[in-house]
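The values are calculated or read from the model by the stated rules, or taken from the named source; none is laboratory data. No experiment lies behind these values; they were computed from the predicted model shown. Positions of Cβ are backbone-derived with ideal geometry, glycine not excepted, and every protein chain shown enters the neighbour counts. Surface areas here come from the heavy atoms of the whole protein model, side chains and all, with no ligands, DNA or RNA. Shrake-Rupley method; radii C 1.70, N 1.55, O 1.52, S 1.80 Å.
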Amino acid sequence: GEVDATVESTGSNTFFGKTATMLQSAGGLGHLQKILMGIVIALVSISLVLCITMLGYLLGYGREPFKEALTFVVVVLVVSIPIAIEIVVTTTLALGSRELSGHGAIVTRLASIEEMAGMNMLCSDKTGTL
């Protein structure tokens with residue numbers, strides 16, 4: 001038989017295209033990133049309080065010149081900011097990704113490893129799509 005059809009939408013304007021666009025744009029902060037951000041904020045806050053206290057002590061009781069005391073406090077503040085925490089977490093997730101690839105899993109985002117770890121139930125269709 002024959003049929004005449006009219007195409008109303010293609011690509012990202014279709015239902016499946018909109019779904020794919022939503023999945024790709026779902027960046028945001030994952031659970032692990034939120035926890036790490038909280039830890040970093042807490043550590044920086046504690047560091048700031050301790051550095052201000054240290055500056056007061058050096059100027060008051062230590063009788064250090066202001067320039068030397070400020071230089072020392074700035075160095076301590078810069079050293080105390082936890083920059084390497086992101087590197088350690090990324091390395092750990094990359095090692096987990098390598099371990100999962102040994103079992104045949106394909107990992108496209110490192111954050112998905114942490115998100116999968118928090119699942120109670122995982123559903124898949126006959127093609128293996130999660």
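Worth a mention:
- As a summary of the residue check, Leu59 satisfies the conditions (1) surrounded by 14 or more Cβ atoms within 10 Å (Cβ to Cβ); (2) farther than 30 Å from Ser12 by Cβ; (3) modelled with pLDDT under 80 except for the one numbered (3).
- Applying the criterion of at least 2 residues that are without any contact (Cβ under 8 Å) to a residue 40 or more places away in the chain and open to solvent by 100 Å² or more (accessible area, probe 1.4 Å) to the helices (runs of 4 or more DSSP H) found wholly in region 66-123 leaves 66-80, 84-102.
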